[in-house]
Amino acid sequence: MVQLVGSLRKELADILSTSKVLVVGAGGIGCELLKNLVLTGFKNIEVIDLDTIDVSNLNRQFLFQKKHVGKSKAQVAKESVLQFCPSANITAYHDSIMKSVFFTYSHFVFVAARNHVNRMCLAADIPLIESGTAGYLGQVTVIKKGMTECYECQPKPAQKTFPGCTIRNTPSEPIHCIVWAKYLFNQLFGEEDADQEVSPDTADPEAAWNLEEAAARATASEKDGDIKRISTKEWARSTRYDPIKLFNKLFKDDIMYLLTMDKLWKKRKAPTPLDWQQLENSVCPQEETPGSGLKDQQVLGVWGYCQLFQHSVDTLRLQLQEKGEGAELVWDKDDPPAMDFVTAAANLRMHIFSMNMKSRFDWTYHTRNTYYELFVDLIVSAMAGNIIPAIATTNAVIAGLIVLEGLKILSGELESCRTIFLNKCPNLRKKLLVPCILDPPSTNCYVCASKPEVTVKLNVHKTTVLSLQDRILKERFGMVAPDVQIEDGKGTILISSEEGETEANNSKFLNDFGIRNGSRLQADDFLQDYTLLINVLHIEELERDVEFEVVGEAPDKAPPPQNNQEEVNSITNGNKDSAQPSTSSKAEDDDVMIVDSDEEEGASSSSAAAATSSTKRKHSDAETGETSNKRPRMDQSNAAAAATDDDDDIIALD
């Protein structure tokens, strides 16, 4: 007779009680998951999260209370979970998962840096349970080296971006104005970024105009506005952040400057400058009276947004003064003055360019799946953290499924694991939960293939070593501390992760090191135990605002498995003794990693990738056990939504 401990077989319960778990991310899913783990029988848990508790977390991250606002999520989550199971051994870290020490001994991991966790799991040959939620949608999948797709096997949807000249010169959609207003916040009060300039772009290729003639024709104010092409923040400081002077510069003088670029307006409706004094003199008494309804849902008139702009600038200026000389403000979605500033600035710019204005409620709620979601895709420090309303029930369902998949792995039943989609509406079989058979690894994956290799198209005469390191290796390929060697027969070191060793190379161009069309680079990241071969494809001109393009992996980069062990010098990600994919089904050999990720990196979760994949999967009916060749269809909007984890949580099980 089977002996039970609670609802589990005694053998499995014993495994759970001795397993070590690392939870990376104590957000919406993480809170539910921590509770589930201790109530299921896990005793040794470590939780890591670099975030602190915010008021906006309290509606769904139930381990936290109002008194905890401002405290470490990991520490408070530990204290709260111990009330469910005082005998549990829980350690909390207010730290970053990017420190690889956390992967050396744990059985379960929950993390926010998905690509990094994916690679660490591959290196350690630890199964990973990845998950995400977005509103009513959710997804859980198991990733196992050599048996399933890794997190990076399927390309993620490209971030929505807009040319700088469109943002600065010719906005045609509300999203363009929102982006411009967010850039403006940073230029005035935050950390300046040359790529987020808001002044008119004189390098716009559409504006083939004579600068001298335009300067003579420009009628910009020489008093309040006086547009001199200097730093926006420097100019604002010189006016002591006078809101009226800022208004006339941004919405009058800069617009009049744009009007001198004749060619831009031959096929477009020209913008209409706003003048503070004229608006103040012509304001109607009715417009000063607040409308009915909630404040955030009111669409103000032009003068109403002028006053909102003035009030928000004054408030932000005081916040800046309180922080002291040289201080900067950091964008906070829960800071009303910051939100008021962006709302007012975006609406005024929309009016200038003949677009209908929106209420603050429209920005933050009604348009989350359109303008607002695109905005977050574009800007790393997003206007708001939660693009799609977070639903606690969705997090609870997904956290429960994570534990169920983890139990399968620890029972040695990895082959029965599934990718499970939680849909908003039942499918044709009247199921909300749809399990799909796991896909095998992609032979073209630049992470988990036996010899990862890609081809990058760039201009070797214009691409610097620093751009290669930061924009290509770190941003595009997710490396943390890359070392790069040129395969030129000499072993020339181009980039070293050791501080100071190759800093002198940063400003030099790739061709200065003999790199040309057909050159090969070997990039190693020892923190991730990851090696990538890069084929350089030189091209003189790319599309505008495009620095490089990944054109795909090199042919024959992933040869079929061989019976004989490869040479010691062969390039294989992971430990040498685990170079061949592990297919062991023994419970004691299995580690499960659960990643609970933030939509940080503007990153898409694998749920979206799976939902939009062109590869057909079989999914099984949970009740009948039948397997179908057809997959549930998700419309594009749902797929995009599922790509974002509102709750800053990714879940990985070891």
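From the list E197, E206, E213, E173, the one residue that fits, being under 28 Å from S238 (Cβ atoms) and either at pLDDT below 70 or surrounded by fewer than 19 Cβ atoms within 10 Å (Cβ to Cβ) (or both), is E197.
D224 passes every criterion in (1) modelled with pLDDT of 50 or more; (2) under 29 Å from F189 (Cβ atoms); (3) outside any helix (DSSP H, G or I); (4) open to solvent by 40 Å² or more (accessible area, probe 1.4 Å) apart from (1).
Looking across the stretch 1-26, the residues that are in a strand (DSSP E or B) and of a type in the set (K, R) come down to R9, K20. Do we have any residue at all in the stretch 19-27 that's among the hydrophobic types (A, V, I, L, M, F, W, C) and farther than 24 Å from M98 by Cβ? No. Among the criteria (1) open to solvent by less than 60 Å² (accessible area, probe 1.4 Å); (2) in a loop (DSSP other than H, G, I, E, B), the one I29 does not fulfil is (2). What about F42, is it over 23 Å from K408 (Cα atoms) and assigned to a loop (DSSP other than H, G, I, E, B)? Against the criterion (over 23 Å from K408 (Cα atoms) and assigned to a loop (DSSP other than H, G, I, E, B)), F42 does not qualify.
Residue count for the stretch 523-538 under the criterion of being of a type in the set (D, E, K, R) and open to solvent by 10 Å² or more (accessible area, probe 1.4 Å): the result is 2.
Could you list all residues from the stretch 501-527 that are small (G, A, S), assigned to a loop (DSSP other than H, G, I, E, B) and within 30 Å of N118 (Cβ to Cβ)? If the condition is that a residue be small (G, A, S), assigned to a loop (DSSP other than H, G, I, E, B) and within 30 Å of N118 (Cβ to Cβ), then S519 is the only one that fits. When each of F84, F64 is tested for being assigned to a loop (DSSP other than H, G, I, E, B), buried (at least 19 other Cβ atoms within 10 Å of the Cβ) and of a type outside the set (K, R), the lone residue that passes is F64.
Looking at the stretch 427-445 only, could you name the residues that are over 21 Å from L122 (Cβ atoms) and surrounded by fewer than 15 Cβ atoms within 10 Å (Cβ to Cβ)? Matches in the stretch 427-445: L428, R429, K430, L432. Reported count of residues in the stretch 498-522, each being within 13 Å of H461 (Cβ to Cβ), open to solvent by less than 80 Å² (accessible area, probe 1.4 Å) and either in contact with a helix residue (DSSP H, G or I) (Cβ under 7 Å, 6 or more places away or on another chain) or not assigned by the TED database to the domain that holds R471 (or both), is 1. Checked against the criterion of being within 30 Å of M256 (Cβ to Cβ) and at pLDDT below 80, the stretch 305-325 has no qualifying residue.
Is it true that some residue in the stretch 341-349 is open to solvent by less than 50 Å² (accessible area, probe 1.4 Å), part of a loop (DSSP other than H, G, I, E, B), at pLDDT 90 or above and over 22 Å from D193 (Cβ atoms)? So far as the stretch 341-349 goes, no, none of its residues is open to solvent by less than 50 Å² (accessible area, probe 1.4 Å), part of a loop (DSSP other than H, G, I, E, B), at pLDDT 90 or above and over 22 Å from D193 (Cβ atoms).
Looking at I409, is it closer than 18 Å to N118 by Cα and touching a strand residue (DSSP E or B) at 6+ places or on another chain (Cβ under 8 Å)? It is true that I409 is closer than 18 Å to N118 by Cα and touching a strand residue (DSSP E or B) at 6+ places or on another chain (Cβ under 8 Å). Does K457 fit the bill of being farther than 26 Å from C121 by Cβ and modelled with pLDDT under 90? No, not satisfied.
Residues of the stretch 3-16 include at least one that is among the hydroxyl-bearing types (S, T, Y) and surrounded by fewer than 22 Cβ atoms within 10 Å (Cβ to Cβ).
Close contacts from the stretch 8-36, counting a first residue that is at positive phi and a second that is open to solvent by 10 Å² or more (accessible area, probe 1.4 Å), with Cβ to Cβ under 7 Å and a gap of 6+ residues or different chains, come to G25/D49; G25/A112; G25/D598; G25/D648.
The values are calculated or read from the model by the stated rules, or taken from the named source; none is laboratory data. Because the structure is a prediction, the values reported are computed rather than measured. Note that we place each Cβ from the backbone using ideal geometry, even for glycine, and neighbour counts take in every protein chain shown. Each accessible area value is taken on the protein alone, full model and side chains, heavy atoms only, with ligands, DNA and RNA left out. Shrake-Rupley method; radii C 1.70, N 1.55, O 1.52, S 1.80 Å.
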